[in-house]
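Rule-based calculations on the coordinates, nothing more; no lab input. What you see is a predicted model; the values in this text were computed from it and never measured. Cβ atoms come from the backbone with ideal geometry, glycine included; neighbour counts cover every protein chain shown.
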Amino acid sequence: MAVTNQALPGSYQLLNYRIDRQISRGGFSIVYRAFDETGAPVAIKEYLPSSLVLRTEGDIVRASSAENLTSFRYGMKCFFEEGRALAKINHPNVVRVLNFFRANETVYMVMRYERGRTLQQQIQMRQDQMSERLVRHVFMHLLNGLREVHTHKLLHLDIKPANIYLRTDGSPVLLDFGAARQTLTTNRPKLAPMYTPGFAAPEQYRDPDRLGPWTDVYGVGASMFACLAAFAPQAADARLQEDHLVSAKKIWSGQYSDNVLEVIDWCLRLDPLERPQSVFALQKAIRDIPPKKRKLTFIAAVKRKLFSEIGA
Amino acid sequence: MRFTIFQESRKGSRKVNQDRIAYTYSRDTLLLVVADGMGGHAGGEIAAQIAVRLFIERFQQEAKPVLKNPLKFLQDSMLRAHAALGSYANQFSMLETPRTTCVTCIVQAGHAYWAHVGDSRLYLFRQGGIIGQTKDHSKVQYLVDQGIIGADEVSAHPDRNKIFSCLGGLVDPVIDLGKRTPLRNGDVIVMCTDGLWSVLAKEEIATWLTSTPILKTAPQMMREAEKRGGADGDNLSAIVVRWGPETLTDEPSTITESLGLGQFETQIDRTLTLTERKGTQRDLSDDEIEHAIAEIQATIQRYRK
């Protein structure tokens, strides 16, 4: 019953790239690891919507009917939007597009290959809670990337742990701009808006005319919440019916600084106007958090005391 | 759930078929949709297609595996379809918003819920008699209600195609919701466009469908109706569901228990005539694809440090 699209086989030569293996598969695409002509690894995203079965063998993608061809080409527009969005952004915390081309009757996006794992995997792997230090580190850097995205008049609209990649050195990269949209050209509701329950803001469900930076801010807050809880907050549409979300401040009081918890609660406000209105405002709030008091060693305590008495 | 289902859409003697029909079901919920697009050019067809697709997509997002509130789902989906048609017209700078009628029904936990806009109908038959039906949002129905014309004069009335509520219209649609109705085994739900009900009285439809296996007689009924439509016949479409195990024939009925959680079975009728158009719609031409790629390539180069 379930017919799926065939992935390109290992060592398949795609222009000047050699496919190594499939990394992941989503509703609209397959992502491969491949090597360019110098042997450097790259990630290649192949547009291949799974709802229109198009390739049951070989490499050429064929629409199975005239109507499917129309849908296929229409979906391609969204893939182009993602490419356009990313091509403009050259930032260490945003996935970098290296090339974009057409082959096999479909289109491909070549991205820089990153080593590491997603924040989602990080959350699931850990036995103990994530430290405040790590949460702050990841999100401060991520917000730098998101700020760059917003500067280009783009919204990500699908910020969640599965779309945040942690390099082996711990720095985050924002991935998957499949839902991104140019806010200046159009923010009309589309037929099939994409959103992830728990991470999508309430306005993404019911009020697409009110999308803005605060919409991504909600996703950031929900992702931070997930880092602490190891599960997503209650879905926004359900919250609008009956809000069961317990504030972060209530759950983790004492375990994390009040300010981190307050920031999470602020981002997760249902009313878009009550959230931080820009990434900058959010960064400022996080930056303002006083560093956790470290327990002073005996010597240091004595030193401090001495200095304060001397008046230095 | 166990039921037998049939759907068919025929062009009649028109060049294009502006009717769209579809059903989809999860393990525990069934959705039926019929839409009859209106207006010239491709507009009507697009409108009906958009409405049907929107219902199916929303259903698959929300029926996991049941809908929390079926009537609210129907009403919300109608309003969203109406809004989607408006924004579609906007996006493609169309002079006129594509419009469509819509009748839709949910069966969940042994109860039927339905909603309609315009003059596509739902009939619910039990043991050969009618126990539920929608009331058209049409001028002639109004005239009948006021006692100005008789029910038998409707199908020949000059204004029989005028409706006052539709999706995509200038004013918000009037949406009628059918109250929660318990179903019994053997009940038959028929949803159809005016191309069918204008040539077959509901008593005749009942005769065709309530005492014989629907998979056998429903196709015969459609052929007969198309024949009656004659040289001027409209598009005609119907979805027929016989609830419960099929007792009139050995043919197997649909049993949904084999579906896993989150799985759906969907049938969208593809009587598509839109293929004749030449890149005027949302379709991307080869040139546009090449252009888009060139643009992205150039952007990548420009922002490369």
- [ ] Taking chain B as the reference, fit the longest principal axis to its C-alpha atoms, fit the long axis of helix B:43-62 to the helix C-alpha atoms, and give the angle between the two in degrees, 0 to 90, nearest 10.
- [x] 80
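Name the shape class, rounded, prolate or oblate, that the alpha-carbon gyration tensor gives for the protein assembly as shown, where a ≥ b ≥ c are the square roots of its eigenvalues, rounded holds for a/c under 1.5, and otherwise prolate holds if a/b is larger than b/c and oblate otherwise.
Prolate, because a/c is 1.5 or more and a/b exceeds b/c.
Let me confirm one metric for peptide A:72-81, namely the mean number of other chain beta-carbon atoms within 10 Å of its residues' beta-carbons.
On the way: counts 2, 9, 4, 1, 5, 6, 0, 1, 8, 2.
Mean shielding by partner chains, rounded to a whole number: 4.
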Task: Mean ellipticity per residue at 222 nm, deg cm²/dmol - from DSSP H runs of n ≥ 4 across chain B, formula -39500 (n - 2.57) - done: -10000 deg cm²/dmol
Task: the stretch B:1-129, relative contact order [Cα under 8 Å, separation at least 6], % - done: 26
Task: Selection from B:Gly262, B:Ile189, B:Leu124 lying farthest towards where the dipole of the stretch B:2-272 points positive, charges on Cβ - done: B:Gly262
Task: Protection proxy ranking of B:32-38, B:129-135, A:210-216 - average other beta-carbon atoms within 10 Å, highest first - done: B:32-38, A:210-216, B:129-135
TODO: Provide the per-residue ³J(HN,Hα) series for the stretch B:175-191, in order, calculated from phi with Karplus coefficients 6.51, -1.76, 1.60 and θ = phi - 60°, each as a whole number of Hz, with x at glycine and proline positions.
DONE: 10, 9, 10, x, 5, 3, 10, x, 9, 10, 4, x, 5, 10, 9, 10, 10
Open item on the list: Which one, A:Asn68, A:Ser51, A:His91, is farthest towards the positive end of the dipole of the stretch A:13-112 when Lys and Arg carry +1 and Asp and Glu -1 on their Cβ?
Closed with: A:His91
Open item on the list: 5 Å is the cut-off here: which amide hydrogens, built 1.01 Å from N in the peptide plane, fall below it relative to A:Thr118, excluding neighbours closer than 5 in sequence?
Closed with: A:Leu166
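Can you tell me how the stretch A:13-112 classifies by the Cα gyration tensor, rounded, prolate or oblate, using a/c under 1.5 as the rounded cut? Walk me through the intermediate numbers first.
On the way: a/c = 2.18, a/b = 1.38, b/c = 1.57.
Judged from the Cα gyration tensor, the stretch A:13-112 comes out oblate (a/c at least 1.5, b/c at or above a/b).
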TODO: For the stretch B:216-227, just list the computed ³J(HN,Hα) in residue order, Karplus coefficients 6.51, -1.76 and 1.60, θ = phi - 60°, integers in Hz, with x standing in for Gly and Pro.
DONE: 8, 8, 4, x, 5, 4, 5, 5, 4, 5, 5, 4
Open item on the list: Whole-Hz ³J(HN,Hα) for each residue in the stretch B:238-246, computed from phi via Karplus 6.51 cos²θ - 1.76 cosθ + 1.60 with θ = phi - 60°, x for glycine and proline: what do you get?
Closed with: 8, 10, 10, 10, 9, 7, x, x, 6
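May I ask for the net charge around B:Leu74, where only other residues with Cβ less than 14 Å from the Cβ of B:Leu74 are counted and Lys, Arg are +1 while Asp, Glu are -1?
+3
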Task: Global form of the stretch B:114-179, assessed from the alpha-carbon gyration tensor, a/c cut-off 1.5 - done: oblate
Open item on the list: So if I take the centroid of the Cα atoms in the stretch B:1-30 and the same for the stretch A:3-22, what is the distance between those two points in Å?
Closed with: 39
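If you place +1 on the Cβ of every Lys and Arg, -1 on the Cβ of every Asp and Glu, and leave all else neutral, what size is the dipole of the stretch A:13-112 about its Cα centre, to the nearest 20 Debye? Please list the in-between numbers first.
Numbers: 14 positive and 10 negative charges, 53 e Å.
For this selection, approximately 260 debye.
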Task: Charge context of B:His157, other residues only, Cβ under 13 angstrom, K/R +1, D/E -1 - done: -3
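What percent do you get for the relative contact order of chain B when only Cα pairs under 8 Å and 6+ apart count? Don't skip to the answer; put the middle values down first.
Working: 629 pairs, mean separation 88.6, N = 305.
Taking the mean separation of contacting Cα pairs over the length of chain B, I get 29 percent.
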Task: For the stretch A:13-112: relative contact order, % (alpha-carbon pairs under 8 angstrom, 6 or more apart) - done: 23
Task: Ratio Rg/Rh, restricted to chain B and using Cα atoms, in which Rh is the Kirkwood radius - done: 1.02
TODO: Could you work out the mean count of beta carbons from other protein chains within 10 Å of each residue's beta carbon in B:75-88?
DONE: 2
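May I ask for the percentage of alpha-carbon pairs in the stretch A:116-287 that lie more than 23 Å from each other? Write down the numbers at each step before the final one.
On the way: 4962 of 14706 pairs.
Tail of the P(r) past 23 Å holds 34 percent of the pairs.
Too long at a 26 Å Cα-Cα cut-off: which of A:Lys45/A:Lys160; B:Lys11/B:Lys202; A:Lys250/B:Lys68; B:Lys68/B:Lys179; B:Lys15/B:Lys162? Don't skip to the answer; put the middle values down first.
Details: A:Lys45/A:Lys160 19 Å; B:Lys11/B:Lys202 21 Å; A:Lys250/B:Lys68 30 Å; B:Lys68/B:Lys179 16 Å; B:Lys15/B:Lys162 21 Å.
Result: A:Lys250/B:Lys68 exceed 26 Å.
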Open item on the list: What whole-number distance in Å separates the alpha-carbon centres of the stretch A:135-164 and the stretch A:84-108?
Closed with: 17
Open item on the list: Compute a Gaussian network model of chain B, connecting alpha carbons closer than 10 Å, and tell me which residue from B:His137, B:His291, B:His111 fluctuates the most.
Closed with: B:His291
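Using the Cα centre as the reference, give the magnitude of the dipole from point charges on the C-beta atoms of the protein assembly as shown (Lys, Arg: +1; Asp, Glu: -1; all else neutral), rounded to the nearest 20 debye. Please report the intermediate quantities before stating the final value.
Details: 78 positive and 69 negative charges, 557 e Å.
So the dipole magnitude of the protein assembly as shown works out to roughly 2680 debye.
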TODO: Taking the Cα centre of the stretch B:1-111 as origin, work out the dipole magnitude from +1 charges on Lys and Arg Cβ and -1 charges on Asp and Glu Cβ, in debye rounded to 20.
DONE: 160
Open item on the list: How shielded is A:95-103 by partner chains, expressed as the average number of their Cβ atoms within 10 Å of its Cβ atoms?
Closed with: 3
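Taking the number of other C-beta atoms within 10 Å as the exposure measure, put B:Ser138, A:Ser64 in order starting with the fewest. Working shown, then result.
Working: B:Ser138 22, A:Ser64 13.
Arranged by neighbour count, lowest to highest, B:Ser138, A:Ser64 become A:Ser64, B:Ser138.
Given the peptides A:105-118, A:8-21, arrange them by the average over their residues of other C-beta atoms within 10 Å, most packed first.
Details: A:105-118: 18.3, A:8-21: 15.1.
The peptides rank, most packed first, as A:105-118, A:8-21.
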